[in-house]
Amino acid sequence: MADSPEALQKSLRLYKMIGGVLFAGTVITVLVATRPELDFGKHGFDTADMVLGLLIATVKATLVAAIFMHLNHEKRMIYWLFGFGILAAFFLVALIALAKWDPIHYNGFRTGVPGSEQGAHW
Amino acid sequence: MEIPYIVTPRKDTGLFNSKIAIWLFLASEVMLFGGFFSAYIFLRLGADFPWPERTLPVLPGLINTFVLIGSSVTVVFAWAALKMRQWGKFQFFMSVTIACAGIFMVLKGIEYNVKFHHQALRLKDYAVVEGHLGYKVKDGVHVEHGKEPTEDQLAKDSKGKKIEENVVNFEAAEISFNTVRVESPWVEAMIARATEKNATIKLASKIDLKTAPDKVVTFDAGTELSLALLDSIKEAHLAARKNNGAVRTDNLREQWVKAHEANPGKRDWELADQVVIDTAAIADKLMPEQPAIIFSVEPATTFQFRPRDIQEAAESGALRDGTALKGKLQESPMVFHYVDAIDFRHLVMKAEEKGIDPKVAIENSWLLKENHELKEIWEKQQVALAQLTAELATHERVPTEKDKYRIGWQEMAYYSKTAISDVKITPKKYAMPKVKEELNEEFFGPDYKLRTFPHLTVPRGEVQFTSKFAPAWNTYYAVYFTMTGLHGLHVIGGALVLAYYLFFGKKMYLSNPEWLANRVEIGGLFWHFVDLVWIFLFPILYLM
């Protein structure tokens, strides 16, 4: 991490540049999402828009984490701590996904128990 | 006592202690927000209604994104200023950071406020209407068509608030309160309404209760309804219940003892169906209970209830607190002063499930059959849709479901002021025609002084569900408010910590500037995390 005044001054230039990239990334995301003539993929919101939007967001988030939060030159322990948090979050999402795509799942909440009155509404 | 490793790093970790602490905290935050993001994903994938994509106003969200990115830059500049021992610059950059937090929260507040005042209605046929409700005028007041009622002409509730035209009117001749559970403000509102209508709500018959075996309390028939009266009856009723419970328990114990004496060696479960309370033996020890208190309303008076508070039928009603009404349900239409959007996507979804042609379903919807203004607007929308379909076809594209089945407020305003022969899409825009928003409309929604929108009266029988654009409306809004609300709390918390460094950090700066720099770095790390979360929230909630 920069500590000397010269190194800090150099870092400040980098921070400004990253700030500019983040602004630009945001503008691109919004233009692509709101201007039909700049729309990717099919007309309107679709998978291509989602992938592009999340890709830009991921790049922006990576820049914030790497440069502003100094993760590009941190101690190993920080990588372990933060990396574990991210992995745990993904693991928990995967657990829910297992339930969501379980082939033998109970669908009664939406369709109602067969023969019951509740089912007739859906 | 000196706190170790606040400036110098520990040898084993290579870090000062608070840095490890903040990263541990941020790791737990990742899991917290990860949970909400996963909830969002699964709610969206499993939604049984058309997900309201790209429904939030983009400009406030965009400004907030710029504001947070800007504040991420300034907070790191503030930290660098401290490292270079430039107190003045630190103050400047930190002040800008905190100001950014303020701007963010103000914009978020405006956004929430607009949502909480915007009405949504799902009809029985699944057509959705959005807009603003009118306010009830006082009984007997007539407002000329096309004119707005004055403040004096508007009816007010018992708290002096204007009443939206979304109430259930019930003419009650008899009200039966649940003795134990009564919602006091509703009782007060009933008393106020009866007073306003020169009616009285009186105890229908005499009630004799005992608060102790030898103490009788009498409530005479004809006593006027008051909270104090209900409280007194409740007190006596609860005293009786307490006594009766004890008497029954004692008797049951005796019965068990007798059963065991008569059947030595038998187990409890073998005796259970023989052991019953001897009601004859305890009859004289029991005190009268009064689970419900019946009042008569003379003359029968129309009370107004919020739809979510009452389950109504033609001759009866039940409030959420257990109060039962007898009388006559009055006409209780829901009146939209302005309909600023209609949406048939849910109706189409339901029609397709049943194998019905969406166009036929829409043509037969209650909205188009009963409201000629909306019917005309729909016909104009069909003209524009045909033009858009033709234009998109040249690029081998097709209109979206939103283009086809939703008329948003900008489009509604355009159709309202445009003759059907003049409806035209703008070439090469690849969008349905709409009015250009004024700057204030980007934040606050349509300016009703500037725009014209249809009125709509919906009979209560056509209403399936109604809500403001609040968490109750659908799971999109539930998850939107949860995630942005939690994020907003983080913004407030982070700003408070940074403000503490700004306003109370001078002493530490003078004594140990490196310690303060480390503290600001920790606060800054949290602030960057808040920015990082928003970087995902903005596109997901506003643009997808």
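The values are calculated or read from the model by the stated rules, or taken from the named source; none is laboratory data. This is a predicted model, so every value here is computed, not measured. Because the Cβ atoms are built from the backbone with ideal geometry, glycine has one as well, and the counts that use them run over all protein chains shown.
Before moving on, here are some points about what is shown:
- If the condition is being free of Cβ contacts under 8 Å to residues at least 12 places away in the same chain and more than 9 Å from chain B (Cβ to nearest Cβ), then region A:21-34 contributes A:24, A:31.
- Residue within region B:82-91 that is free of Cβ contacts under 8 Å to residues at least 60 places away in the same chain, within 11 Å of chain A (Cβ to nearest Cβ) and hydrophobic (A, V, I, L, M, F, W, C) present: yes
- Verdict on residue A:92 being surrounded by 14 or more Cβ atoms within 10 Å (Cβ to Cβ), in contact (Cβ under 8 Å) with a residue 40 or more places away in the chain and either in contact with a helix residue (DSSP H, G or I) (Cβ under 9 Å, 6 or more places away or on another chain) or facing chain B (nearest Cβ under 7 Å) (or both): no
- Taken over region B:333-378, the residue count meeting the criterion of being within 16 Å of residue B:49 (Cβ to Cβ) and small (Gly, Ala, Ser) is 3.
- Of the residues making up region B:36-54, those that are assigned to a loop (DSSP other than H, G, I, E, B) and more than 8 Å from chain A (Cβ to nearest Cβ) are B:47, B:49, B:50, B:51, B:52.
- For region B:275-328, the set of residues classified as assigned to a loop (DSSP other than H, G, I, E, B) and on the phi > 0 side of the Ramachandran plot consists of B:322 only.
- When residue A:59 is tested against (1) at pLDDT 95 or above; (2) at the interface with chain B (Cβ under 7 Å from one of its Cβ atoms), only condition (2) is not met.
- Test result for residue B:448, more than 30 Å from residue B:103 (Cβ to Cβ) and either touching a Pro at 6+ places or on another chain (Cβ under 6 Å) or of a type in the set (Phe, Trp, Tyr) (or both): no
- Test: residue in region B:500-512 that is in the same structural domain as residue B:407 (by TED's automatic domain parsing), small (Gly, Ala, Ser) and not in a helix (DSSP H, G or I): no
- Evaluation of residue A:20 against (1) surrounded by 17 or more Cβ atoms within 10 Å (Cβ to Cβ); (2) more than 19 Å from residue B:536 (Cβ to Cβ) (one fails), failing number: (1)
- Odd one out for residue A:40, checked against (1) under 17 Å from the mean Cα position of the chain (by Cα); (2) modelled with pLDDT under 95; (3) more than 9 Å from chain B (Cβ to nearest Cβ): (1)
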